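Structure first, then comments.
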Amino acid sequence: MQPEVYKRLKLKEFFCIAKGKLKTFPGVKELINQLKRSGLKLAIASSSPVEKLRFTLKEVGLWKVFGVVVCANDVQHAKPNPEIYLKAAKRMKLSPKECLAIEDTLQGIRSAKGAGMVCLAVTNTMPSYKLKEADLVVATLKGLSVARLRQLFV
């Protein structure tokens with residue numbers, strides 16, 4: 001089987017299995033709403049292919065939330081290369097130094113930091129000791145405020 005055909009079949013299988021079962025991690029929607037109310041620009045920089053990202057975000061009700069979406073289809077180099085974050089900042093017309101990346105993997109943290117961004121890591125997928133290269137590591141986004149996030153830029 002050709003690799004591209006295999007990828008497509010795997011993606012279709014994911015869609016079938018995940019339909020109606022996906023949820024956001026605690027605090028995600030609340031924090032996004034706070035950020036939007038504060039007038040901040042939101043982007044997503046994901047290593048997923050556009051089809052999977054679109055499906056996932058639609059399933060959890062977040063597809064139309066982000067003004068900028070950059071995914072695997074948009075870049076030549078995967079994380080930890082900073083290309084995906086640099087592209088997201090450019091599309092938002094911001095300097096990377098003005099951006100906060102929220103990550104849950106070491107590859108993602110290195111990508112964001114390599115782009116010159118402040119990085120918050122959430123221990124969704126890895127223990128905190130593996131995410132220590134981030135500027136702040138939290139167990140959950142629940143209870144985080146915009147004011148607390150702004151402190152990371154001081």
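The values are calculated or read from the model by the stated rules, or taken from the named source; none is laboratory data. Just so it is clear, the model here is predicted, and its values are computed rather than measured. Counting neighbours? That spans all protein chains shown, and the Cβs are built from the backbone with ideal geometry, glycine included.
Per the listing Ser111, Ser128, Ser95, the residue uniquely modelled with pLDDT of 95 or more, over 13 Å from the mean Cα position of the chain (by Cα), hydroxyl-bearing (Ser, Thr, Tyr) and more than 23 Å from Pro26 (Cβ to Cβ) is Ser95. For region 46-54, the criterion of being β-branched (Val, Ile, Thr), surrounded by fewer than 16 Cβ atoms within 10 Å (Cβ to Cβ) and out of contact with any Lys or Arg (no Cβ under 7 Å at 6 or more places or on another chain) is satisfied by at least one residue.
Of all the listed residues (Lys93, Lys64, Lys79), the sole one being touching a Gly at 6+ places or on another chain (Cβ under 6 Å) and not β-branched (Val, Ile, Thr) is Lys79.
A search for C-beta distances below 7 Å between a residue of region 128-143 that is farther than 13 Å from Arg110 by Cα and any residue that is assigned to a strand (DSSP E or B) and modelled with pLDDT of 95 or more, counting only pairs 6+ apart in sequence or on different chains, returns Ser128/Val137; Leu136/Leu120; Val137/Ala121; Val138/Leu120; Val138/Val122; Thr140/Val122; Leu141/Val122.
Looking across region 113-127, just one residue is buried (at least 23 other Cβ atoms within 10 Å of the Cβ) and touching a residue at least 60 places away in the same chain (Cβ under 8 Å), and that is Val122. Of the residues making up region 53-72, those that are under 11 Å from the mean Cα position of the chain (by Cα) and in contact (Cβ under 8 Å) with a residue 24 or more places away in the chain are Phe66, Val69, Val70, Cys71.
Of all residues in region 73-92, those satisfying the criterion of being touching a helix residue (DSSP H, G or I) at 6+ places or on another chain (Cβ under 8 Å), among the hydrophobic types (A, V, I, L, M, F, W, C) and buried (at least 16 other Cβ atoms within 10 Å of the Cβ) are Val75, Ile84, Leu86, Ala89.
In the set Leu120, Leu141, only one residue is part of a loop (DSSP other than H, G, I, E, B) and within 24 Å of Gly67 (Cβ to Cβ); that residue is Leu141. Here the condition is being charged (D, E, K, R) and either more than 17 Å from Leu149 (Cβ to Cβ) or in contact (Cβ under 8 Å) with a residue 24 or more places away in the chain (or both); of Lys23, Lys97, it holds for Lys23 alone.
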